[in-house]
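Peer 1: For reference, the structure I am asking about is given below.
The values are calculated or read from the model by the stated rules, or taken from the named source; none is laboratory data. What you are looking at is a predicted structure, and each value in this text was computed from that prediction instead of being measured. Here the Cβ positions follow ideal geometry from the backbone for every residue, glycine too, while neighbour counts run over all protein chains shown. To get the accessible areas, we keep the full protein, side chains included, count just its heavy atoms, and leave off ligands, DNA and RNA. Shrake-Rupley method; radii C 1.70, N 1.55, O 1.52, S 1.80 Å.
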Amino acid sequence: RDRRGEGELLWLPFSLFNADMFTRRVALFLLGIWIGCCLLVDMQALQRNRVANTILDNPADGARPDITKAGVDVSARLLRHLAGEQVRDTLSTWEMIQGLIAAGIVVALVFSEQRKPIAIGMCGAMGVIVFIQHLMILPELAYTGRMLDFNQERASFELATRYWSLTQMYGGTEIVKLLVGGALASYFFAMESVVKKRKSRSRNHTEMETTV
């Protein structure tokens, strides 16, 4: 038997492993999770009042006496406050997780053989947006939202205006973040296509040289 030939066959899978392709696909996988979870969390946040209204309109048999005893207005405020707290807690936790995902993508890109400043810059921009949301917008939005949960009818015009301005600001930064994420995903796919074309050309060139 040819021991040398057996050794070449054993090492063949490792020779086919492309570290650069692996890091790019890890980065793309993390980016896909990031964008997908952002959309899910945003949908949950937009439906917060709908959940409270659904419970009030069709309460469970066991909850109906308590809602009637407490009063519909009091129950509505409590349910909306609970829904708001759940959304605020979810956003805060998700923002911290996004920071870890951004760090993972940057590490994958840095250790790639083809370090692309554009991709690292776009991922960094998404991380900065998350930083602004977590430390600047969400705390003020949560504080203002808690004040409005129980005093929505008696709230001042300035407080209500500030709450909606903060909501629009958070939504605007979220849209920008998703647009940057979509552009980054397109960049990854384009880069993957370019690498495949280069490999195909290199393979064809090698086959031509072998034939000659």
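Peer 1: Report, ordered by the first and then the second residue, all pairs with beta carbons closer than 7 Å, sequence separation of six or more or different chains, a first member in segment 173-191 that is more than 15 Å from C37 (Cβ to Cβ), and a second member that is surrounded by 17 or more Cβ atoms within 10 Å (Cβ to Cβ) and polar (S, T, N, Q).
Peer 2: Sorted first by the residue in segment 173-191, then by its partner, the pairs are T173/Q133.
To keep it simple, each residue is scored yes or no on (1) modelled with pLDDT under 80; (2) not aliphatic (A, V, I, L, M).
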position: F17; (1), (2): yes, yes
position: M21; (1), (2): yes, no
position: G32; (1), (2): no, yes
position: G36; (1), (2): no, yes
position: D42; (1), (2): no, yes
position: R50; (1), (2): yes, yes
position: N53; (1), (2): yes, yes
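Peer 1: Also: How many of the residues making up segment 143-185 are among the acidic types (D, E) and either under 22 Å from M43 (Cα atoms) or under 18 Å from the mean Cα position of the chain (by Cα) (or both)?
Peer 2: Here the count works out to 2.
Peer 1: Name the pairs: first residue in segment 65-78 and more than 13 Å from I55 (Cα to Cα), second residue part of a helix (DSSP H, G or I), Cβ to Cβ under 8 Å, at least 6 apart or on different chains?
Peer 2: Cβ pairs passing all conditions: A70/L78.
Peer 1: From the residues in segment 69-102 that are buried (at least 16 other Cβ atoms within 10 Å of the Cβ) and of a type in the set (S, T, N, Q), which one is nearest to K177 (Cα to Cα)?
Peer 2: The selected residue is Q98.
Peer 1: Being surrounded by 14 or more Cβ atoms within 10 Å (Cβ to Cβ), assigned to a helix (DSSP H, G or I), among the aliphatic types (A, V, I, L, M) and modelled with pLDDT of 95 or more narrows it down to one of I132, I120, I105, so name that one.
Peer 2: I132
Peer 1: Do we have V110 as open to solvent by less than 70 Å² (accessible area, probe 1.4 Å) and touching a residue at least 24 places away in the same chain (Cβ under 8 Å) here?
Peer 2: no
Peer 1: Give V176, V74 a once-over and let me know the one that is modelled with pLDDT of 95 or more and among the β-branched types (V, I, T).
Peer 2: The match here is V176.
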